[in-house]
Amino acid sequence: MEAILLQILNGLDKGSAYALIALGLTLIFGTLGVVNFAHGALFMIGAFCAVIFSRILSLSTVTEDPTRKDFLGNPLKIETPYVESWFGPELGSVLINWSVPLSIILAIPVMILVGLAMERGLIKYFYKRPHADQILVTFGLAIVLQEIIKYFFGANPIPTPAPDVFAGSFDFGALIGLEAGQIIYPYWRLVYFAFAAAIIAAVFSFLQFTTFGMVVRAGMADRETVGLLGINIDKRFTIMFAIAAVVAGLAGVMYTPINSPNYHMGMDFLVLSFVVVVVGGMGSLPGAVLAGFLLGILESFASMAQVLSVVPGINQIIIYLVAIVILLTRPRGLMGRKGVMEE
Amino acid sequence: MSKFSISRRGLIKTGAYVGAGLAMPTIFTSSANAFTNEPTGSTVTLGFNVPQSGPYADEGADELRAFQLAVEHLNGGGDGGMLNTFSSKALQGSGIMGKKVEFVSGDTQTKSDAARASARSMIEKDGAVMISGGSSSGVAVAVQALCQEAGVIFMAGLTHANDTTGKDRKANGFRHFFNSYMSGAALAPVLKNAYGADRKAYYLTADYNWGYTTEQAVRESTEAVGWETVNNVLTPLTQTDFSSYIAPVLQSDADVLVLVHYGGNMVNSLTNAVQFGLRDRMVNGKQFEIVVPLYSELMARGAGENVKGIFGSQNWDWKLENQLGSRYIGTNAFVRSFGEKYGFPPSQAAHTCYVQTLLYADAVERAGSFNPCAVVEALEGFEFDGLGNGPTLYRADDHQCFKDVVVVKGKENPESEFDLVEIVEVTPAEQVTYAPDHPQFAGGDLGTCNPGA
């Protein structure tokens with residue numbers, strides 16, 4: 001029982017990342033009709049915004065301590081962060097400690113710029129090209145982006161911890177009346193789940209309750225008619241691309257304390273997220289979210305030692321098995337719309 | 001006068017034979033040379049095959065730095081590094097056998113097929129007479145087999161699985177790096193002293209040959225000191241989030257988690273384990289502990305705060321000579337050369353690659369020939385010192401180096417970003433030496449050296 005509850009929590013957590021990336025993928029596909037294989041790279045760029053912001057906050061003055069030696073026997077260099085000099089040691093250290101959530105300040109403009117540059121600079125030239133061309137060019141772009149990150153940050157994961165207050169774990173089992181110590185869960189993973197829920201709710205509300213969102217939804221249903229009404233739907237779709245980039249980027253920022261960012265993390269998530277989109281139904285935003293959580297939970301269960309002892313390796317193929325079953329029984333995915341990718 | 005005539009069928013057959021001959025890889029064809037890629041000009045080419053992409057790419061980058069430094073020193077550049085402390089004085093900084101050393105590099109991508117393709121290209125197209133590099137035992141075993149077929153020497157870089165000098169050993173292959181058995185033998189007494197003999201261990205093991213042999217070695221060594229093994233779960237190399245694997249540990253009655261992971265996998269699995277509160281956990285009145293059998297400072301940097309207090313083993317550490325004295329002479333010479341050139345201390349991966357390059361060059365000089373069989377003869381049973389690990393033997397039976405093993409622990413209060421592990425103990429070579437036919441190494445056969453050509 002405890003093991004199952006724990007895996008559900010894990011699955012929700014993993015599903016949060018899948019759902020956020022799949023949500024952005026679906027937004028782009030639903031508006032622009034582009035299969036964006038560089039979407040994982042946007043997730044990675046978001047994570048590295050956290051790394052960069054953390055390094056900016058940690059920029060330091062260097063003084064030498066002649067009483068201690070570095071690895072070459074030279075006087076040891078002591079670094080004092082500027083923020084501690086400017087805001088005092090206490091506030092300065094708090095700012096550094098909260099660098100991950102604070103890096104959202106940097107990530108939003110960066111992701112908007114990256115999204116706009118990507119759409120205006122490259123992807124718009126592939127709107128009328130076959131999906132295969134779009135996949136090839138965006139996959140190539142993803143490789144270029146990850147190699148750039150590797151060049152500047154190396155291939156090793158870079159530790160980017162959560163604020164101290166969220167760094168530990170707590171007895172989730174005791175909260176729901178179970179025996180103490182049976183379900184220990186990290187605070188930050190719950191923060192991540194709550195954050196994902198908030199972002200998903202915000203995107204849905206934006207599309208559902210704003211005039212801009214209404215026009216975008218109308219454009220998704222019938223682009224030509226909306227255009228004939230004198231509305232510049234292309235511009236709105238470009239903005240939606242930037243919003244999708246921001247969603248992926250913020251998912252990356254907040255994911256960094258869970259697993260240290262590395263240049264390959266986008267690719268690690270991309271294929272799975274694409275499967276999530278297909279299972280949810282191409283173009284369906286609720287489908288992407290539902291499938292993200294569903295597949296995240298299934299993957300967690302498949303990784304349990306008890307399951308692996310019966311079917312070794314099932315955790316590596318469970319998502320694809322489920323995708324096959326769902327697509328055989330519901331070819332449009334769980335919540336797919338008629339006509340999408342069927343021409 | 002005889003008249004030369006040829007039938008249409010004969011012409012086709014002859015054409016087919018000539019075509020097949022031309023299409024055959026040059027490494028399997030004979031030539032005027034006595035052995036594969038015999039250097040005939042004023043230069044000799046070495047091939048450095050390292051992961052430049054994939055999960056071990058940072059280690060590969062450090063290995064490549066070390067190779068470049070070794071080539072510089074062999075050609076008489078820089079301060080000479082360990083050439084000054086090496087017990088053998090055959091190398092004079094004038095290249096190898098008077099030939100200037102050149103090198104080519106390839107990307108293994110941490111994949112066996114890519115590594116073999118890269119090594120094959122270096123042998124066939126670039127004329128490399130020796131291949132070195134590593135960071136994955138799967139890759140090392142594959143490339144070692146290729147070098148054996150091709151008739152060149154393989155001086156393994158970082159490869160820790162028993163198989164490399166166990167069941168997959170080859171006459172043309174040599175390993176300076178320590179192995180899984182040695183890690184287990186060195187770690188078990190230290191773990192017993194630190195955590196007691198009554199412990200229950202749960203293993204998460206990387207699902208490839210290094211994971212299997214390391215899990216076996218650590219399990220057998222710790223069981224010998226009284227520990228019990230609760231479970232062993234294999235994890236895919238591509239796994240990034242280990243939370244699903246960590247969660248069942250909470251439900252077991254294990255009080256130790258052994259993470260048989262390396263590189264980015266270890267960083268992530270350790271981070272996940274700490275996040276799930278395993279280190280704050282008490283089981284059966286005992287503090288829960290985590291062990292990482294194969295440690296590296298690069299990994300420690302990736303794991304950050306999470307490595308504090310965690311035991312592991314290393315082949316070498318840049319602080320050895322400063323902390324434990326002149327037995328480990330060579331360490332400071334290498335650290336100085338590397339540190340002044342690159343701005344940070346070398347990793348153990350860099351060290352082993354640098355040393356392997358010097359050992360190859362030295363063996364050629366002593367043998368007076370680049371012929372792989374002469375090099376094999378010069379390296380087998382070779383005893384040396386001054387390369388940072390203390391007195392070392394290249395055992396003839398399996399081409400494995402025997403030297404002291406370093407047991408380390410994540411440092412609680414590091415003074416700098418390079419000072420992440422503290423040396424807890426150095427286990428003497430005698431305590432980690434095993435018989436060539438030890439069960440963990442059984443089934444292998446060196447065979448005979450292959451000079452190729």
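Which condition number in (1) over 24 Å from A:Leu6 (Cβ atoms); (2) of a type outside the set (S, T, N, Q); (3) within 11 Å of another protein chain (Cβ to nearest Cβ) is the one that B:Pro293 fails?
In the conditions (1) over 24 Å from A:Leu6 (Cβ atoms); (2) of a type outside the set (S, T, N, Q); (3) within 11 Å of another protein chain (Cβ to nearest Cβ), B:Pro293 misses (3) alone.
Please state which one of A:Gly92, A:Gly140, A:Gly177 is on the phi > 0 side of the Ramachandran plot and away from every other protein chain (no Cβ under 14 Å).
A:Gly177
Look at region A:5-47 and say how many of its residues are closer than 19 Å to A:Arg189 by Cα and not aliphatic (A, V, I, L, M).
10
Here are some conditions: (1) assigned by TED's automatic domain parsing to the domain that holds B:Gln148; (2) touching a residue at least 24 places away in the same chain (Cβ under 8 Å). B:Ala378 meets all but one. Which one does it not meet?
So B:Ala378 meets the others, but not (2).
Going through region B:136-168 one residue at a time, which ones are closer than 15 Å to B:Phe441 by Cα, in a loop (DSSP other than H, G, I, E, B) and open to solvent by less than 20 Å² (accessible area, probe 1.4 Å)?
Matches in region B:136-168: B:Thr159, B:His160, B:Ala161, B:Gly166.
From A:Tyr192, A:Tyr187, which residue is open to solvent by 60 Å² or more (accessible area, probe 1.4 Å), within 14 Å of chain B (Cβ to nearest Cβ) and among the hydroxyl-bearing types (Ser, Thr, Tyr)?
So the residue among A:Tyr192, A:Tyr187 that is open to solvent by 60 Å² or more (accessible area, probe 1.4 Å), within 14 Å of chain B (Cβ to nearest Cβ) and among the hydroxyl-bearing types (Ser, Thr, Tyr) is A:Tyr187.
When residues of region B:84-135 are filtered for being open to solvent by less than 20 Å² (accessible area, probe 1.4 Å) and of a type in the set (Phe, Trp, Tyr), how many remain?
Residues flagged as open to solvent by less than 20 Å² (accessible area, probe 1.4 Å) and of a type in the set (Phe, Trp, Tyr) within region B:84-135 amount to 1.
Go through region B:383-404 and report how many residues are open to solvent by less than 30 Å² (accessible area, probe 1.4 Å), closer than 20 Å to B:Thr331 by Cα and within 19 Å of the chain's Cα centre (by Cα).
Within region B:383-404, residues that are open to solvent by less than 30 Å² (accessible area, probe 1.4 Å), closer than 20 Å to B:Thr331 by Cα and within 19 Å of the chain's Cα centre (by Cα) number 11.
Does any residue of region A:79-98 turn out to be under 15 Å from B:Ser416 (Cα atoms) and open to solvent by 40 Å² or more (accessible area, probe 1.4 Å)?
yes
Could you list, in sequence order, all residues of region A:143-174 that are of a type in the set (Phe, Trp, Tyr) and either facing chain B (nearest Cβ under 10 Å) or in contact (Cβ under 8 Å) with a residue 24 or more places away in the chain (or both)?
We begin by selecting, within region A:143-174, every residue of a type in the set (Phe, Trp, Tyr); these are A:151-153, A:166, A:170, A:172.
Residues satisfying the conditions are A:Phe153, A:Phe166, A:Phe170, A:Phe172.
Taking the condition of being at the interface with chain A (Cβ under 9 Å from one of its Cβ atoms), under 28 Å from the mean Cα position of the chain (by Cα) and of a type in the set (S, T, N, Q), how many residues in region B:232-247 meet it?
Result for region B:232-247: 4.
Is there any pair with a first residue in region B:429-451 that is in contact (Cβ under 8 Å) with a residue 12 or more places away in the chain and closer than 30 Å to B:Val129 by Cα and a second that is among the hydroxyl-bearing types (Ser, Thr, Tyr) and part of a loop (DSSP other than H, G, I, E, B) whose Cβ atoms are under 7 Å apart and which are 6 or more apart or on different chains, and what are they?
B:Pro451/B:Thr36
Those residues that are part of a loop (DSSP other than H, G, I, E, B) and either free of Cβ contacts under 8 Å to residues at least 40 places away in the same chain or of a type in the set (Asp, Glu) (or both), I need them from region A:177-192; list them, please.
Hits for region A:177-192 are A:Gly177, A:Glu179, A:Ala180, A:Gly181.
In region A:266-285, how many are part of a helix (DSSP H, G or I) and open to solvent by 10 Å² or more (accessible area, probe 1.4 Å)?
Selection size over region A:266-285: 9.
Out of A:Met335, A:Met265, report the one residue that is touching a Ser or Thr at 6+ places or on another chain (Cβ under 9 Å), at pLDDT below 85 and within 20 Å of A:Leu20 (Cα to Cα).
A:Met335
The values are calculated or read from the model by the stated rules, or taken from the named source; none is laboratory data. Fair warning: this is a prediction, and the values are worked out from it, not measured in the lab. When we count neighbours, we look across all protein chains shown, and the Cβ atoms used for this are built from the backbone with ideal geometry, even at glycine. Just the protein is used for accessible areas: all its heavy atoms, side chains included, with ligands, DNA and RNA removed. Shrake-Rupley method; radii C 1.70, N 1.55, O 1.52, S 1.80 Å.
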